[in-house]
Amino acid sequence: MSGRRLILLMSVSLDGFVARRDGVITWLAEGEDHGDQRHQLNLELLGQIGLIVVGGGVYPDFVAGWSRSDSPMGQLMNSLPKVVFSQSLESVDWANARLSRRPLEEEIPELKREGGKDMVVFGGARIAHSLIRHGLVDEYRLTVHPVALGEGLPLMHGLPEPRRFEMVSSTAYTDGCVMQVLRPAD
């Protein structure tokens, strides 16, 4: 494959949900120690990334959480270029961010063809669904948390047909989470 890849980095529950039905993700912080290993891997990933892709739904939370952070992760999040996909936001004011109103299925392939370092999407559910549905994700890095929600917003939603994946790696952490790295099999 030429050009850069799009990596989807998401946390999911044991039963495959990325959030409760109301979009709340507080379950991610309940009963875990946010292992140093996983944090270090996220820092390493950001060091290899050339662009952060963000959906308009999670953009306000990202700006609030990262724009004033001077932690190593915050410094990377703030310094990297970002494209925010939204039809409802009027503007974006996060460092190195630009707003796109273009359809994902048009702009993401163009961004891939530009070449350079890979792109990463941290979620939320709506942008992940769109990217997955259009077959735009080149690699999935899913942190499976040892909690079942019973219902909620599924990671894989509205697929026109089953999708197969190849397992690249699987790493278990002391906090009970498992990082699975997968790529589409086709």
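The values are calculated or read from the model by the stated rules, or taken from the named source; none is laboratory data. None of the values given here were measured: they were computed from a predicted structure. Virtual Cβ from ideal backbone geometry, glycine too; neighbours counted across all protein chains shown. Each accessible area value is taken on the protein alone, full model and side chains, heavy atoms only, with ligands, DNA and RNA left out. Shrake-Rupley method; radii C 1.70, N 1.55, O 1.52, S 1.80 Å.
Picking from ARG98, ARG126, ARG163, ARG133, which residue would you name as being open to solvent by 40 Å² or more (accessible area, probe 1.4 Å) and at pLDDT 95 or above? Exactly one of ARG98, ARG126, ARG163, ARG133 is open to solvent by 40 Å² or more (accessible area, probe 1.4 Å) and at pLDDT 95 or above, namely ARG98.
What's the total number of residues in the range 112-123 that are charged (D, E, K, R) and either surrounded by 19 or more Cβ atoms within 10 Å (Cβ to Cβ) or without any contact (Cβ under 8 Å) to a residue 60 or more places away in the chain (or both)? Break it down into steps so the answer makes sense when it comes.
As a first pass, look at the range 112-123 and keep what is charged (D, E, K, R): 112-114, 117-118.
Checking the rest, the ones that are also either surrounded by 19 or more Cβ atoms within 10 Å (Cβ to Cβ) or without any contact (Cβ under 8 Å) to a residue 60 or more places away in the chain (or both) come to 112.
Qualifying residue count, the range 112-123: 1.
Scan the range 29-57 for residues that are assigned to a helix (DSSP H, G or I) and either modelled with pLDDT of 80 or more or open to solvent by 40 Å² or more (accessible area, probe 1.4 Å) (or both) and report the count. Spell out how you get there, then give the answer.
In the first step, residues of the range 29-57 are kept if they are assigned to a helix (DSSP H, G or I); the result is 36-47.
With the extra rule that they be either modelled with pLDDT of 80 or more or open to solvent by 40 Å² or more (accessible area, probe 1.4 Å) (or both), the set shrinks to 36-37, 39-47.
Of the residues in the range 29-57, 11 are assigned to a helix (DSSP H, G or I) and either modelled with pLDDT of 80 or more or open to solvent by 40 Å² or more (accessible area, probe 1.4 Å) (or both).
Screening GLY176 with (1) surrounded by 19 or more Cβ atoms within 10 Å (Cβ to Cβ); (2) outside any strand (DSSP E or B) gives one miss only, at (1).
For PRO72, the criteria (1) over 17 Å from the mean Cα position of the chain (by Cα); (2) open to solvent by 20 Å² or more (accessible area, probe 1.4 Å); (3) modelled with pLDDT of 95 or more hold in every case but one, which is (3). Contact map, the range 86-100: residues that are over 14 Å from SER67 (Cβ atoms) paired with residues that are open to solvent by 40 Å² or more (accessible area, probe 1.4 Å) and part of a loop (DSSP other than H, G, I, E, B), Cβ distance under 7 Å, separation 6+ or inter-chain. Pairs shown: GLN87/ARG101; LEU99/SER91. Applying the criterion of being open to solvent by 40 Å² or more (accessible area, probe 1.4 Å) and of a type in the set (A, V, I, L, M) to the residues of the range 13-27, the residue that is nearest to THR143 (Cα to Cα) is LEU14. Residues of the range 114-123 that are modelled with pLDDT under 95 and not aromatic (Phe, Trp, Tyr): GLU114, GLY115, GLY116, GLY123. On inspection, SER130 fails the criterion of being over 13 Å from the mean Cα position of the chain (by Cα) and either polar (S, T, N, Q) or under 22 Å from ILE108 (Cα atoms) (or both).
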